[in-house]
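K.L.:
The following block contains the structure, expressed as structure tokens.
The values are calculated or read from the model by the stated rules, or taken from the named source; none is laboratory data. From a predicted model like this one, the values you see are computed outputs, not experimental measurements. In this analysis, Cβ positions are derived from the backbone assuming ideal geometry, glycine residues included, and neighbour counts consider all displayed protein chains. The accessibility values were calculated without ligands, DNA or RNA, using every heavy atom of the protein model including side chains. Shrake-Rupley method; radii C 1.70, N 1.55, O 1.52, S 1.80 Å.
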Amino acid sequence: MPLALAVAAVPALCAVAQEAAGPERAAMRVAAFFWHDAPNDEAAFTGIERGLRAAGFECIWTVRRAGSDRERARQQLLEIAAARPRILFTLGTQATLLAKEHVKDVPIVFTAVTHPVESGVAESWQSAGGNVCGNSNWIGSEKVIDAFRLAVPRLRHLGMIRSTASGEVSAAELRQMRRYLAEPTAPRIELVERVVERAADLPAAANDLRARGVEAVWVPIDHLVYQNIQVLLDAVRGSGVPLVSSAQRGAEAGAAVGVLVDYALLGERAAAMARLLLLGKATPAALPVGTMQSSHVVVNLAAAKACAYDLPLAALVVADRILDHVEDPPR
Amino acid sequence: MRASASAAQSGFGLTNKLALLVLAIALALGAFLALVVAPRTARAVEAGTEPLLRRSAEALESSTLEVGRTGTETLRTLIERTTAVRRAMLADLPLDVYEGDSARIGAAIEQQDTALGRRMIENVGRLAAEMDARAARRIESEVAALAEQQRQLAGAIADDLQRSSLFLLGGVAVAFLLLLAVAVHWLVVRPVREVTQAVAGVAEGRLDVALRPRGDDEIARLVRAFAGMVEQLRATRAEVESKRAALARLNAELETEVARKTAELQQALDGLRGAQKDLVLAERMASVGTLAGGIAHEFNNLAGGILGCAREVLAVETEARRREPLEVIARAAERAIDVTDKLLRFARPSPPGTSALDLGTLLREAMALVEPQARRQGVATRLEVAGELPVRGDGGALHQVLVNLLGNALQAMPGGGELAVRGWREGDEVVAAVRDDGVGIAAADLDRIFDPFFSTRGGDAATPGRGAGLGLAVSYRIVQAHGGRMQVDSRRGAGSTFTMRLPALAAGGETKEAT
């Protein structure tokens with residue numbers, strides 16, 4: 001029996017190796033620009049690289065990371081523009097906005113932009129406009145709320161903490177969530193918002209939300225907030241009020257449940273969009289902003305236990321990933 | 001002593017009685033525990049354990065069913081979810097990059113499936129571990145609940161047994177205590193109380209206490225010993241009482257004798273004092289009388305000469321101017337003779353007569369003599385004479401005494417008053433008392449009131465000789481000459497009473513000499 005399996009597996013493995021190589025194409029220069037070091041962006045970049053390889057492109061990469069420094073970002077983008085790569089991939093909202101400002105003659109394919117229209121990255125979901133196209137990691141509020149309710153069935157008051165410093169995305173998330181919860185078919189959940197200016201304000205905000213009687217605290221896609229998610233976890237430790245997150249690594253670092261997209265797959269989809277541009281089959285303006293059909297629910301048993309919260313068995317069953325430890329927070 | 005100690009040891013003592021009682025009660029209690037409490041406990045435990053075992057079996061069955069049901073649902077959900085996720089992932093997979101190359105497309109799909117499968121295996125492992133942990137927690141919780149139920153059941157059984165047993169044991173204990181109390185009361189308290197009351201009675205001096213020793217225990221021996229002691233005390237007390245009564249009688253007799261002797265001594269002393277006083281007075285009067293008699297005799301001769309000469313001149317003198325001084329001289333001479341006559345009677349009193357007299361008659365005559373004067377002074381008179389008052393003596397002299405006393409009484413009541421005269425017989429004496437409510441006599445004058453020439457009032461030129469202080473002195477000498485005595489009782493402002501006592505004349509005409 002093992003021998004038969006091995007014999008049957010050899011042709012399949014050979015085919016996979018050949019297919020992964022894809023059709024041979026000439027080497028070309030492409031660039032990637034990061035505003036900051038975010039795990040979401042890194043995962044998406046991995047997907048881009050894989051997608052381009054699958055499409056048969058040999059790439060000479062120019063990768064620049066601004067480290068959240070606006071002046072450095074400007075210089076790096078001017079440098080990229082001067083190098084005239086075939087495609088510029090931008091990771092995240094801020095990186096795309098800066099690239100739109102400084103790079104006019106190179107097609108820009110963005111990815112991991114949660115709210116491209118509201119943030120000004122795209123003119124509309126049908127067309128980003130100009131030399132820009134790309135896809136979004138946006139997940140509908142309905143899916144987010146469904147995941148949260150799966151983890152906290154008695155959810156009636158949802159606390160939400162965002163920052164003024166890096167809260168453009170989270171502000172858009174909040175607006176979208178408010179719109180959804182205002183719909184008549186939406187579940188009756190009151191959203192209680194707290195805005196902080198710095199990480200030191202997070203415990204007070206969490207305690208305030210607990211005092212308001214929220215059943216869960218939402219950690220949105222807010223760089224300052226999810227970077228300090230363990231501060232929040234300490235604030236709600238043993239209280240029976242879990243953290244829930246829509247950020248990539250929120251659930252890994254402290255939230256009991258997280259809902260997110262597969263950023264690597266998102267990157268692959270961005271690579272597929274770039275292929276069309278590179279092959280001349282489409283222009284950026286002709287491409288609609290791509291979105292994901294699938295989303296992942298991640299539950300973290302250790303984080304839930306730290307909050308003295310018992311996740312329902314249903315949440316564990318439907319979870320795409322079940323974690324049993326809390327990782328270090330993303331940096 | 002040794003014999004009594006031996007007797008005490010040989011008796012069935014109080015300690016033995018109480019020990020026997022306690023032993024009997026302990027046996028009864030043991031029998032009660034063995035026959036009543038122990039079977040009841042067994043029945044209660046049996047009745048309580050059965051539902052607990054039934055509940056345990058139900059819980060086990062429920063847990064087993066729950067695990068099975070949960071496992072089935074979980075499996076179904078897992079398969080559905082995996083299918084949905086795979087479908088969505090395939091939808092998101094950018095297959096167009098493979099430009100219709102089915103082999104590469106299949107490889108890409110397989111790669112996704114592999115990743116999905118790897119993730120699902122990992123998930124199932126963690127899910128199973130979590131379900132195991134939850135099942136363990138649930139079983140632990142069920143066991144804890146059953147343990148709690150068992151504990152509550154055991155507690156309920158224990159409480160029930162405790163209540164019922166305590167109730168029964170309480171009843172037994174109460175009965176035991178009552179029995180013990182009665183026994184202690186009869187064996188200890190009652191006899192001790194009797195002894196205590198007897199001791200208190202003895203302490204109060206009552207030795208007629210009745211003690212009834214019962215049995216031969218320590219208390220009974222104590223009662224007997226105490227009764228013996230009381231008996232000894234009783235005998236001792238009787239002896240003491242007898243001696244005390246004899247001593248009291250001796251004391252009473254002694255006191256009576258002393259009182260009698262004292263009275264006799266006092267009477268003798270009073271007699272001596274009276275005799276001394278009378279003697280002093282008699283001697284004083286005798287000496288005064290001797291002197292006055294000599295003087296009066298000489299003076300009477302001179303006054304008689306003056307009176308004779310004056311009467312001779314008056315017999316011949318007709319001229320009024322010359323008769324007036326002569327008449328004054330004659331009246332003065334007559335008065336002087338009267339005074340000297342009294343002095344002579346005082347100095348040489350005539351022996352009392354031997355006539356039998358009725359002092360009552362004398363009192364009536366004297367009262368009749370002074371009544372006119374009494375009416376003029378506004379003095380009321382009263383005379384009380386009790387029967388016959390026979391005396392022997394000189395009727396004129398005694399009449400003079402009574403008139404003198406009545407006259408003095410009227411003089412003591414110049415503004416009116418009451419004059420009371422009484423006469424009565426008192427033993428061997430006849431007594432006459434003259435009482436006035438006049439000015440009275442000062443205490444300092446009482447001892448000298450019967451002295452010659454002592455007077456509480458002065459005389460004047462119109463009545464020479466009056467108030468010369470001879471009336472009472474003469475009266476005293478007359479009464480004394482009749483074997484009697486005279487007394488005065490007076491107080492200044494409250495009147496005076498003069499009492500005259502004379503030997504009464506016996507039926508045979510004899511008088512008894514005063515002592």
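K.L.:
Of the residues A:Glu49, A:Glu79, only one is farther than 21 Å from A:Val225 by Cα, modelled with pLDDT of 95 or more and within 14 Å of another protein chain (Cβ to nearest Cβ); which?
P.N.:
Going through A:Glu49, A:Glu79 in turn, the sole match is A:Glu49.
K.L.:
Here is a list: A:Leu287, A:Leu265, A:Leu260, A:Leu279. Which entry is without any contact (Cβ under 8 Å) to a residue 12 or more places away in the chain and not basic (Lys, Arg)?
P.N.:
A:Leu279
K.L.:
Being without any contact (Cβ under 8 Å) to a residue 40 or more places away in the chain, assigned to a helix (DSSP H, G or I) and surrounded by 15 or more Cβ atoms within 10 Å (Cβ to Cβ) is the requirement here; does B:Thr74 meet it?
P.N.:
For B:Thr74, the condition - without any contact (Cβ under 8 Å) to a residue 40 or more places away in the chain, assigned to a helix (DSSP H, G or I) and surrounded by 15 or more Cβ atoms within 10 Å (Cβ to Cβ) - is not met.
K.L.:
Looking at (1) at negative phi; (2) surrounded by 17 or more Cβ atoms within 10 Å (Cβ to Cβ), find the lone condition where A:Arg188 falls short.
P.N.:
The single condition A:Arg188 does not satisfy is (2).
K.L.:
Would you mind stating whether A:Leu278 is closer than 25 Å to B:Arg118 by Cβ and either in contact with a helix residue (DSSP H, G or I) (Cβ under 7 Å, 6 or more places away or on another chain) or more than 9 Å from every other protein chain (Cβ to nearest Cβ) (or both)?
P.N.:
Against the criterion (closer than 25 Å to B:Arg118 by Cβ and either in contact with a helix residue (DSSP H, G or I) (Cβ under 7 Å, 6 or more places away or on another chain) or more than 9 Å from every other protein chain (Cβ to nearest Cβ) (or both)), A:Leu278 does not qualify.
K.L.:
Check B:Thr74 against each of (1) within 30 Å of A:Ala274 (Cα to Cα); (2) within 8 Å of another protein chain (Cβ to nearest Cβ) and name the one condition it does not meet.
P.N.:
Against the list (1) within 30 Å of A:Ala274 (Cα to Cα); (2) within 8 Å of another protein chain (Cβ to nearest Cβ), B:Thr74 comes up short only on (1).
K.L.:
If I go through the range B:495-515 residue by residue, how many of them are modelled with pLDDT under 90 and closer than 29 Å to B:Ala442 by Cβ?
P.N.:
So the answer is 0.
Matching residues to (1) in contact (Cβ under 8 Å) with a residue 24 or more places away in the chain; (2) open to solvent by less than 60 Å² (accessible area, probe 1.4 Å); (3) more than 21 Å from B:Val474 (Cβ to Cβ):
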{"site": "B:Glu283", "(1), (2), (3)": "no, no, no"}
{"site": "B:His297", "(1), (2), (3)": "yes, no, no"}
{"site": "B:Ala315", "(1), (2), (3)": "no, no, yes"}
{"site": "B:Arg335", "(1), (2), (3)": "yes, no, no"}
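K.L.:
Please determine, by comparing only the residues of the range A:295-315 that are within 27 Å of A:Asp222 (Cβ to Cβ) and in a helix (DSSP H, G or I), which one is nearest to the other protein chains (Cβ to nearest Cβ).
P.N.:
Of everything passing the filter in the range A:295-315, A:Leu301 is nearest to the other protein chains (Cβ to nearest Cβ).
K.L.:
Tell me which residues, restricted to the range B:110-123, are out of contact with any strand residue (DSSP E or B) (no Cβ under 9 Å at 6 or more places or on another chain) and either within 8 Å of chain A (Cβ to nearest Cβ) or of a type outside the set (S, T, N, Q) (or both).
P.N.:
Scanning the range B:110-123 gives B:Glu110, B:Gln111, B:Asp113, B:Ala115, B:Leu116, B:Gly117, B:Arg118, B:Met120, B:Ile121.
K.L.:
Looking at (1) facing another protein chain (nearest Cβ under 8 Å); (2) touching a residue at least 60 places away in the same chain (Cβ under 8 Å), which one does A:Asp328 not meet, given that it meets all the others?
P.N.:
Checking A:Asp328 against (1) facing another protein chain (nearest Cβ under 8 Å); (2) touching a residue at least 60 places away in the same chain (Cβ under 8 Å), the one that fails is (1).
K.L.:
Within the bounds of the range A:61-78, is there any residue that is on the phi < 0 side of the Ramachandran plot, β-branched (Val, Ile, Thr) and out of contact with any helix residue (DSSP H, G or I) (no Cβ under 9 Å at 6 or more places or on another chain)?
P.N.:
No, every residue in the range A:61-78 fails to be on the phi < 0 side of the Ramachandran plot, β-branched (Val, Ile, Thr) and out of contact with any helix residue (DSSP H, G or I) (no Cβ under 9 Å at 6 or more places or on another chain).
K.L.:
Restricting to the range B:89-100, and then to whatever is in a loop (DSSP other than H, G, I, E, B) and surrounded by fewer than 21 Cβ atoms within 10 Å (Cβ to Cβ), can you tell me which residue is farthest from the other protein chains (Cβ to nearest Cβ)?
P.N.:
That would be B:Gly100.
K.L.:
Among the residues that make up the range A:107-118, is at least one of them within 14 Å of another protein chain (Cβ to nearest Cβ), modelled with pLDDT of 95 or more and either within 17 Å of the chain's Cα centre (by Cα) or not in a strand (DSSP E or B) (or both)?
P.N.:
For the range A:107-118, residues within 14 Å of another protein chain (Cβ to nearest Cβ), modelled with pLDDT of 95 or more and either within 17 Å of the chain's Cα centre (by Cα) or not in a strand (DSSP E or B) (or both): present.
K.L.:
Looking only at the range A:125-175, count how many residues are at positive phi and touching a strand residue (DSSP E or B) at 6+ places or on another chain (Cβ under 9 Å).
P.N.:
Within the range A:125-175, residues that are at positive phi and touching a strand residue (DSSP E or B) at 6+ places or on another chain (Cβ under 9 Å) number 2.
K.L.:
Next up: Taking the conditions exactly as written (facing chain A (nearest Cβ under 9 Å), in a helix (DSSP H, G or I) and under 22 Å from B:Ala133 (Cβ atoms)), does B:Leu60 satisfy them or not?
P.N.:
Considered against the rule, which asks whether it is facing chain A (nearest Cβ under 9 Å), in a helix (DSSP H, G or I) and under 22 Å from B:Ala133 (Cβ atoms), B:Leu60 comes out as no.
K.L.:
Across the range B:469-489, what is the total count of residues that are assigned to a strand (DSSP E or B) and buried (at least 22 other Cβ atoms within 10 Å of the Cβ)?
P.N.:
Number of matching residues: 0.
K.L.:
While we're looking at this one, here's another question. Find the residue count for the range B:377-415, including only residues that are farther than 17 Å from B:Asp437 by Cα and of a type in the set (Lys, Arg).
P.N.:
1
K.L.:
Restricting to the range A:44-91, name every residue that is surrounded by fewer than 16 Cβ atoms within 10 Å (Cβ to Cβ), in a helix (DSSP H, G or I) and not β-branched (Val, Ile, Thr).
P.N.:
A:Arg70, A:Glu71, A:Arg72, A:Arg74, A:Gln75, A:Leu78, A:Glu79, A:Ala82, A:Ala83
K.L.:
Here's a follow-up. Have a look at A:Pro203, A:Pro284 and point out the one that is touching a strand residue (DSSP E or B) at 6+ places or on another chain (Cβ under 9 Å) and more than 14 Å from chain B (Cβ to nearest Cβ).
P.N.:
Within the list A:Pro203, A:Pro284, the selection yields A:Pro284.
K.L.:
Based on what the data block shows, is A:Tyr226 under 28 Å from B:Thr82 (Cα atoms) and either within 14 Å of another protein chain (Cβ to nearest Cβ) or in contact with a helix residue (DSSP H, G or I) (Cβ under 9 Å, 6 or more places away or on another chain) (or both)?
P.N.:
So A:Tyr226 does not fit the description; no.
K.L.:
With surrounded by fewer than 15 Cβ atoms within 10 Å (Cβ to Cβ), within 12 Å of another protein chain (Cβ to nearest Cβ) and in contact with a helix residue (DSSP H, G or I) (Cβ under 6 Å, 6 or more places away or on another chain) as the only criterion, which of B:Ala103, B:Ala107 stands out?
P.N.:
Of the residues listed, the single one that is surrounded by fewer than 15 Cβ atoms within 10 Å (Cβ to Cβ), within 12 Å of another protein chain (Cβ to nearest Cβ) and in contact with a helix residue (DSSP H, G or I) (Cβ under 6 Å, 6 or more places away or on another chain) is B:Ala103.
K.L.:
With respect to B:Arg138, is the statement that it is more than 9 Å from every other protein chain (Cβ to nearest Cβ) and closer than 27 Å to A:Asp320 by Cβ true?
P.N.:
yes
K.L.:
I'd like the full set of residues that are modelled with pLDDT of 90 or more, within 27 Å of B:Gly483 (Cβ to Cβ) and small (Gly, Ala, Ser), limited to the range B:257-276.
P.N.:
B:Ala263
K.L.:
Residue by residue through the range A:92-106, note down the ones that are assigned to a loop (DSSP other than H, G, I, E, B) and modelled with pLDDT of 95 or more.
P.N.:
A:Val103, A:Val106
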